[in-house]
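The structure appears right after this line, and notes come after that.
Just so you know, all these numbers are worked out from the coordinates, no wet-lab data involved. What you see is a predicted model, and the numbers here were worked out from it, not measured in a lab. Cβ coordinates were reconstructed from backbone atoms using ideal geometry, including for glycine residues, and neighbour counts include every protein chain displayed.
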Amino acid sequence: MRVTPAPLRPWRRSIRARIVIACAVLFLVLGAILIGAAYTQVGRVLVVPASRQGEVIQPGSNPQINATTDASKRRGFLVFTLAGLGVGTLLAGGLGWAVSRRVLRPLTAVTTAAQAASQENLDRRLALAGPPDELKELADTFDAMLARLEAAFASQRRFVANASHELRTPLTEMRTLIDVTAARPAVSAAELAPVLAAIGAAVDRSEELIEALLTLARSDRGPGPAELVDLPTAVEDAVDQFGPAAAARQIRIDTTLQDAQVTGDRVLIERLVSNLIDNAVKHNVTGGWVLASTRTDAGTAELTVANGGEHIPADQVTGLFEPFRRLGGRTGHRPGAGLGLSIVASVAHAHGGHAEARAGPDGGLDVQVTLPAAANGHRHAAPAGQGTADS
């Protein structure tokens, strides 16, 4: 679709033509009112009655001739002013046409850029120069929208490429194991057992990745039916779930749980909490620690999960919320698919909240999720206080 040039566009569909008509009609109406008022006043001055009570008619004067002369002057005045009104109306229309062409030029540029925009040329910008008026504000807003679209498409392309790589990796491992095993002339049960275990582990990674992708897609689509969710209870459930894995690595999990309730999709919010606990355990060191806390403050419910671990450069913390982003690069030998914090950020955003993280001074990560607190909600579990789950 291309922009139709202004001279070729039907006048009913042209704002430029409507501006011209408005200028001409406005000038015509105001000019007609002014001429009518002036004509009335001129008539009062020029028209002299034949005689007035108590007035003496001068010798040699002819009232009829004077009246005829005055009427002729009025007609001449009316013809002259009406002709001037017609010429002025045409000039007003022409001036409106010229001014509207200059004023509407930025709109034509915006329309052209919008119709030409696609995934391949989102890098174009209007960069409109001029005074900071409404048209420049519109152009700047359009440039900002193009920048957001460009970033969104770039993020989508990276996501698709990374997801394809992550899904292909376990499949390639399984295919390699099967081919190598099948190429052997005879395979004993003892030799087959580790191969089957490796294939099972690859299948588990694939299932975990697919489940994470489905959760991310669901959160991006928006939350489902709203329910009252108690964050302390969700934290306790997540600690029970990942407690054995933490105990195997001698990681201590402590909780400081105060009342904090939110309204939203229970499945997504519980997945948010479990992802934070899982990440805190998974990306930790042997003998490390995890601290999960909840509280309500000024109408918001806060969930904070901090953990010890390796030192994280401050400039890499924000990027951890991007899909498939891991420390040391996407292909690093670190556990997980790199979707844990992406799901956390997406679920928080879908529920009107946000997630932020900062590196710990002694290593590890401190992640805080802020959500709108549920109105008139209260915790039905054990009384609020401080609990500790040691693993």
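A few notes on this one:
- Distance in nm between pseudo-label sites at ALA83 and THR176 (7 Å out along the Cβ direction from Cα): 9.7
- For the peptides 22-30, 342-350, 262-270, the ranking by packing is 342-350, 262-270, 22-30, with the highest mean count of neighbouring Cβ atoms within 10 Å listed first.
- Per-peptide average of other Cβ atoms within 10 Å, ordering 187-194, 175-182, 273-280 highest first: 273-280, 175-182, 187-194
- Euclidean distance of C-alpha centroids, segment 85-116 and segment 240-274, integer Å: 63
- Gain upon complete extension [GLN316, GLU134; 0.36 nm per residue less C-alpha separation]: 61.6 nm
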